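Taking it in order: structure first as structure tokens, then the write-up.
The values are calculated or read from the model by the stated rules, or taken from the named source; none is laboratory data. If you're wondering where the values come from, they're calculated on a predicted model, not measured in any experiment. All Cβ positions, even for glycine, are placed from backbone atoms using ideal geometry, and neighbour counts span all protein chains on display. Each accessible area value is taken on the protein alone, full model and side chains, heavy atoms only, with ligands, DNA and RNA left out. Shrake-Rupley method; radii C 1.70, N 1.55, O 1.52, S 1.80 Å.
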Amino acid sequence: MNERQRILHRIDELELELERCERCHKHNYSAIDTHCQCSAAVKIRELGEKLLTERASRRSKPTTNSHSLVRQFKEEMTVDVYQQLRENNYSIARISIETGIPKTRLHQWRQENGFVHTEEVVKRDVQKREPPNSDYTKYRKLVKANGISNHTFYHRVKISHWDMKRAATEPVQKQTHKRKVKV
């Protein structure tokens, strides 16, 4: 849990555990109510200020003396130089732009060096399609000959759990649409 999440979590806890005054408890805030002096409001405001300063520090611009680091990283992508750039508030996009390294290449390098969570990679690998089943390819010709669309065949097999032979040979029933008659 990062600092921002800890602060937000603490604000939620304070709202539940502290006695709030009548004005704060209503949640009908007006300009007068924003400066309420009850203990809950004071602590929540302090945490809110801390949250704002933490956010501002995360978005601060890179330091100006980092040009040599950018040049070093451009010449040879090393973990030490990358970490120094990140400590100097360089975003990944800014590193990519200033070094001329494409974002995809930088992302790949970050993956190889353990800066990207492996869960993303695992999810993407799981979602890849299965290799073509030889049974499917065998029935494709039969499906086409019987005038059944690939979508219908897939739906019959995967969703409705028909066996492949039945799904490939049973004709599609024509749908009749009833028209509403205007009176």
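Observations on the model:
- Pairs where the first residue, in region 158-175, is open to solvent by less than 80 Å² (accessible area, probe 1.4 Å) and the second is among the basic types (Lys, Arg) and assigned to a helix (DSSP H, G or I), C-beta under 7 Å, 6+ apart: Trp162/Arg156; Ala167/Arg156
- Residues that are part of a helix (DSSP H, G or I) and either of a type in the set (Lys, Arg) or loosely packed, with under 12 Cβ neighbours inside 10 Å (or both) within region 98-110 comprise Lys103, Thr104, Arg105, Arg110, listed in sequence order.
- Region 72-83 residues that are modelled with pLDDT under 90, paired with ones that are open to solvent by 100 Å² or more (accessible area, probe 1.4 Å) and of a type in the set (Asp, Glu) (beta carbon under 6 Å, 6 or more apart): none
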